[in-house]
Amino acid sequence: MPSDLTHPSQLEIRDLTARFTDAVNRRAPKDLASLFAADGEWHVPGVPVASGQEAIAALLAKLLGNFQRLVQLTHSGHVDVTGDTATATWYLTENAEDAAGTAYAFIGVYTDRLVNTPDGWRFATRSFAFLQRSKAGGRTRWYDHPLAAEA
């Protein structure tokens, strides 16, 4: 059954998802964590599940620590709203470079469960899965994000 794209929650959830990608790109763990419910969970392959906003912020900081540069782009997705809960699926790409200058790229998918809280829509569970990963040998020129969070 197709989603009702006119439902007001559609735009709010799509904005929440865009803010997640923005927080990753600005290297802003606290901003990212605030997009989750207080008891939210972030599932990333190869690391323990992060439960709660403090653990989610710590996980992003740890993951970003592996890379000097990283850019995430969210592509197509869909949202299904049922009352004060929703599910969503989003496809994304990410390009990164570690301290040695090794470039990485991947394609993946997020499957989300969301909840409408007094503060608005938040991720209850955000689960990532790789669809493709690669490591390149060439060097890439990177540029700082103009709105990067203060270190």
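The values are calculated or read from the model by the stated rules, or taken from the named source; none is laboratory data. Here the structure is a predicted model, which means the values were calculated and not measured. As a convention, Cβ positions derive from the backbone with ideal geometry for all residues, glycine included, and neighbour counts pool all protein chains shown. Note: accessible area is taken over every heavy atom of the protein model, side chains too, but ligands, DNA and RNA are not part of it. Shrake-Rupley method; radii C 1.70, N 1.55, O 1.52, S 1.80 Å.
Side notes on the structure shown:
- Solvent exposure, largest accessible area first (probe 1.4 Å, DNA, RNA and ligands not counted), of Thr74, Thr21: Thr74, Thr21
- Spherically averaged projected area of the chain from its Cα convex hull (nm²): 9.6
- q = 0.13, 0.14, 0.21, 0.22 Å⁻¹, the stretch 1-65: log10 I(q)/I(0) [Debye, one scatterer per Cα]: -0.40, -0.46, -0.84, -0.89
- Per-residue ³J(HN,Hα) for the stretch 109-120, Karplus 6.51 cos²θ - 1.76 cosθ + 1.60, θ = phi - 60°, Hz, x for Gly and Pro: 9, 9, 10, 10, 10, 10, 9, 8, 9, x, 8, x
- Degrees separating the helix 8-25 axis from the principal Cα axis of the chain, which is the longest one: 20
- Exposed loop sites here mean trypsin sites (Lys or Arg not before Pro) with a DSSP loop assignment and at most 13 other beta-carbon atoms within 10 Å; the chain contains its longest site-free run at 1-138.
- Against the chain, whose longest principal axis comes from its Cα atoms, helix 53-64 is set at around 30 degrees.
- Whether the stretch 49-119 is rounded, prolate or oblate, judged on the alpha carbon gyration tensor where a/c under 1.5 counts as rounded: oblate
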